[in-house]
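The values are calculated or read from the model by the stated rules, or taken from the named source; none is laboratory data. Because the structure is predicted, anything quoted here is derived from the model rather than measured. Cβ placement follows ideal geometry from the backbone for every residue including glycine, while neighbour counts extend to all protein chains displayed. Heavy atoms of the whole protein, side chains included, go into the accessibility calculation; ligands, DNA and RNA do not. Shrake-Rupley method; radii C 1.70, N 1.55, O 1.52, S 1.80 Å.
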Amino acid sequence: RELRVNYGSSNVMAGKRENKVAFQRETGLLENADAPLFFWPHRLFDQKGPRLLAEISMSLLNVYRDDGLQIAVVGNGDTVWEEVFGTLSCGSGGRIAYAHFNAALSELGKAAADFILMPSLYEPCGLPQMEGMRYGTLPIVRATGGLKDSVQHLNITADTGNGFVFNDFLPDALWWACGEAMRFYRCPVNLRERIIRRAMKEGMEHRNDEKTT
């Protein structure tokens, strides 16, 4: 498996749609290029906050049914969480996908998704949130460690920030952040594209800064 479409900031919206459909085919999600896709990119251990996502997943699907919201988890970890997300996937009608970790599938997910989920209890550094920005995939993070340092809450009106940040390690707090993400997703496409392109540019500049230090 490889990224189906290589894209940059100039064609991010079209590139992401094509990658999204390819990812949906790979994982058994309903094929819908317009569906907002939330992607879990890391291992299923308690520190990463899988309980928070598990507790709100079906409610997110119900509340945002008309939007076609989808959730994909690609990762290994504690068997209890593998079983939980496997069960949620089976009962979701093609709107939740679970797959064991595969590097190529994970990269495709980052390119396909609209949002990356990182509700960690603690996270000294974190890489997926930075990788996500370079793909135009905005991170949803808890304000801790490297996540707090690298992600600023999006202000749509001011065109500042690069993701969605919440404070409490609670399902309701993650729910709020996902709601903020959906508020952004419902904005006009040209507005979303401008903000996504800025976040991609800032993400690439950050990577270049890392290389020179």
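In the chain, carbon and sulfur make up what percent of the accessible area (probe 1.4 Å)?
Within the chain, the accessible surface is 50 percent carbon and sulfur.
Just to confirm my numbers, what's the Cα centroid distance between the stretch 48-106 and the stretch 140-155 in Å?
With the stretch 48-106 and the stretch 140-155 each reduced to a Cα centre, they are spaced 22 Å.
Residue by residue through the stretch 79-92, which ³J(HN,Hα) values in whole Hz follow from phi under the Karplus form 6.51 cos²θ - 1.76 cosθ + 1.60 (θ = phi - 60°), with glycine and proline marked x?
4, 4, 7, 4, 5, 4, 6, x, 5, 4, 4, 5, x, 9
Report, by chain and number, residues whose modeled amide H sits under 5 Å from the one on residue 44, excluding near sequence neighbours (fewer than 5 apart, same chain).
76, 77, 78
Could you list which residues have their amide H under 5 Å from that of residue 117, counting only those 5 or more apart in sequence or on another chain, with H placed in the peptide plane?
39, 40, 140
At 0.36 nm per residue, and after removing the present C-alpha to C-alpha distance, how many nm does the segment from residue 156 to residue 190 gain when stretched out fully?
That pair, residue 156 and residue 190, stretches by 11.0 nm at full extension.
Among 110/201; 16/148; 16/201; 20/148; 16/48, which pairs are too far apart, with a Cα-Cα distance over 20 Å?
Flagged as over cut-off: 16/148; 20/148; 16/48.
If I model a spin label at residue 30 and residue 127 as a point 7 Å from the Cα along the Cα→Cβ vector, what separation in nanometres do I get?
Rounded to a tenth, the inter-label distance reads 3.5 nm.
Hey, of (i) 1.02; (ii) 0.93; (iii) 1.07, which did the structure itself give for Cα Rg over 2.2 N^0.38 Å when calculated?
(ii)
Taking all pairs of distinct Cα atoms, average 1/r, flip it, and tell me the Kirkwood hydrodynamic radius of the stretch 37-148 in Å to one decimal place.
So the Kirkwood estimate lands at 13.9 Å.
Can you tell me the accessible area per residue over the chain, all protein chains present, probe 1.4 angstrom, in square angstrom?
For the chain, the per-residue accessible area is 45 Å².
Under a plain spin-label model, where a point goes 7 Å from the Cα along Cα-to-Cβ, how far apart in nm are residue 65 and residue 172?
Distance between label points: 2.5 nm.
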